[in-house]
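K.L.:
Before we start, here is the structure in question, set down as structure tokens.
The values are calculated or read from the model by the stated rules, or taken from the named source; none is laboratory data. None of these values were measured; they are calculated from a predicted model. Positions of Cβ are generated from backbone atoms using ideal geometry, with glycine treated the same way; all protein chains shown enter the neighbour counts. Remember, those area values only see protein heavy atoms, side chains included, never the ligands or the DNA or RNA. Shrake-Rupley method; radii C 1.70, N 1.55, O 1.52, S 1.80 Å.
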Amino acid sequence: MTVAVYLPLLVCVVLAVSSRAVAKALPPRAGLWTLTAAAVIAAAGTVWTCLLLGSLLVDDIPAFDAAERLVPVHDAVSLVGVAILGVGAVRSFLALRRLVQARRRLRRLGALPGGELLVVADARPDAFAVPGSRTGGGRVVVTQGMLRALDAGQRRALIAHERAHLRARHSVALALAELAAAMNPLLVPVRRSIGFLCERDADEDAVVVAGSRRLVAQALAAAALARSASAAASSLAPGFHQLSVAERVSALLTPEPVTHRRLLWAVGAMTLLAAGAAFDATRDFASILVMLVAR
Amino acid sequence: MAGRGAARSRRSAGQLEGEILSALWAADGPMTAAEVQVAVGGDLAYNTVHTILTRLHAKGQVHRLGPAGRSTYRPVKGAAEVAAEQMRAVLNGGADRGEILMRFVTTLDAADEAALRAALDAEGSS
Ligand SMILES: [Zn+2]
């Protein structure tokens, strides 16, 4: 076993520490998918690392002893690996169940009669996109309270923003990010950054439709203030997202937000490094296994 | 300044249907096509508004009242009450944690609220 086995974990740490700053600097569309791929690969690398470490606990098999001689792994490290794997498996199971349940409820809402826009008889201001099936569909759900809190231009921005989520299939990225973060809690900040980039992407699409950055910024501000004025909205855990509306508004009030495409390559290279390291560690391991079988 | 940028906008049929339907929902009572034209911001041709209202009527999403030519329109509210119940089921089920639900805006903390009010005020005075 070589030190490469620990690299996927290191990549997770780097992603976690940098994700907030990276999210603000990445171009939204390409950035959200790059980060999603990075999160999924890093989570898979975590699983693999922990499996390899855990397997070293099996002392009686000579192959594992041979593997351990390359880089000695203390039993405690192996046990930590097994523990991470166990916690990750339970968290992933729970996250998957939550996703399936939410999807089922959303599908019921999406199956109600009407067109793409589904207006809800509720005075509290709220709006969200309900993803459709693989064949498309999907709906924009808006409360009457939200429609009344906005003027014509702001409603245009709202509808364009939600439609953008559906077209860009952001729900897929969010679900993958959620599962990756469940497997490895280090990736929770990465999940948040992916959520932020989804919102930024939809905001920029809304700018194209509405024809004005200011208009979209005003729509966001008006909707957010209407929501916070409505007492019932506070039943939600505040600050869960930590990707504040204020940050989106300030990005919209900037004429041309500066993004760095080179960062995409940096994130991509780091992800490949994690995948390569996992592969390398596996190869050592596999060659020893082959030796054992051939004997 | 505000709204002039709309001349550059590209809007699909789905987007326009949504805008017109949401204008009807935001209104207090039935509206004529001319009133709808104003309510969606006034940058759509009357004929466009009329065509889309007719399409929405054919799809069963708006009621048309009164004689042809002087008709008024109001949204069909059939599913709205059921939708409210189902929406609460979705939100209470924890989907609002952002896993798959993409909310337009989330809750604000005090600092955010102050920042937004400042941004809006600056807009209003320009
Ligand atoms: Zn959104």
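K.L.:
Relative to the longest principal axis of chain A, what angle (0 to 90°, nearest 10) does the C-alpha long axis of helix A:152-167 take?
P.N.:
The angle comes out near 30 degrees.
K.L.:
Also, quick follow-up: How do the peptides A:110-116, B:109-115 rank, highest first, by the average count of neighbouring beta carbon atoms within 10 Å per residue?
P.N.:
Taking the mean over residues of other Cβ atoms within 10 Å, the ranking is A:110-116, B:109-115.
K.L.:
With angles folded into 0 to 90 degrees, how steeply does helix A:188-210 sit against the dominant principal axis of chain A? Use alpha carbons for both and round to 10.
P.N.:
30
K.L.:
So in chain A, what percent of DSSP beta bridges are antiparallel if you round to the nearest 5?
P.N.:
Counting DSSP beta bridges with both partners in chain A, the antiparallel share is about 55 percent.
K.L.:
What's the angle, to the nearest 10 degrees (0 to 90), between helix A:213-229's Cα axis and the longest principal axis of chain A?
P.N.:
Approximately 90 degrees, to the nearest ten.
K.L.:
How far is it, in nm, from the label point at A:VAL172 to the one at A:THR282 when both lie 7 Å from their Cα along the line to the Cβ?
P.N.:
2.3
K.L.:
With solvent modelled as a 1.4 Å probe, how much accessible area in total do chains A and B shield from it at their shared surface, in Å² to the nearest 100?
P.N.:
5900
K.L.:
Okay, which of the stretch A:12-27 sit inside 16 Å, backbone N to the point 7 Å along the Cα-Cβ direction of A:ARG262?
P.N.:
A:22, A:25-27
K.L.:
Given an 8 Å cut-off on Cα distances and at least 6 residues of separation, report the relative contact order of the stretch A:4-294 as a percent.
P.N.:
31
K.L.:
Please work out how much accessible surface A:ARG108 shows to a 1.4 Å probe, ignoring ligands, DNA and RNA, in Å² rounded to 10.
P.N.:
Here the accessible area works out near 140 Å².
K.L.:
Sorted from largest down, give the three principal axis spans of the alpha carbons of chain A, whole angstrom values.
P.N.:
Cα extents, longest axis first: 76, 40, 35 Å.
K.L.:
Then there's this: With springs connecting C-alpha atoms under 10 Å apart, model chain A as a Gaussian network and identify which of A:TRP265, A:TRP48, A:TRP33 has the largest mean-square fluctuation.
P.N.:
Highest fluctuation of the listed residues: A:TRP265.
K.L.:
Kindly sort B:TYR46, A:TYR6 by accessible area of their heavy atoms, largest first, with the probe set to 1.4 Å.
P.N.:
Result, largest first: B:TYR46, A:TYR6.
K.L.:
Please work out how much accessible surface B:THR54 shows to a 1.4 Å probe, ignoring ligands, DNA and RNA, in Å² rounded to 10.
P.N.:
It works out to around 50 Å².
K.L.:
Note down the accessible area of A:THR34, probe 1.4 Å, to the nearest 10 Å².
P.N.:
Counting only protein heavy atoms, the figure is 40 Å².
K.L.:
Residue by residue through A:176-188, how many Cβ atoms from other chains fall within 10 Å of the Cβ on average?
P.N.:
Mean partner-chain Cβ count within 10 Å for A:176-188: 1.
K.L.:
Then there is this: Using a 1.4 Å probe on the protein heavy atoms, what percent of the accessible area of the protein assembly as shown belongs to carbon and sulfur?
P.N.:
Reported share for carbon and sulfur atoms: 62 percent.
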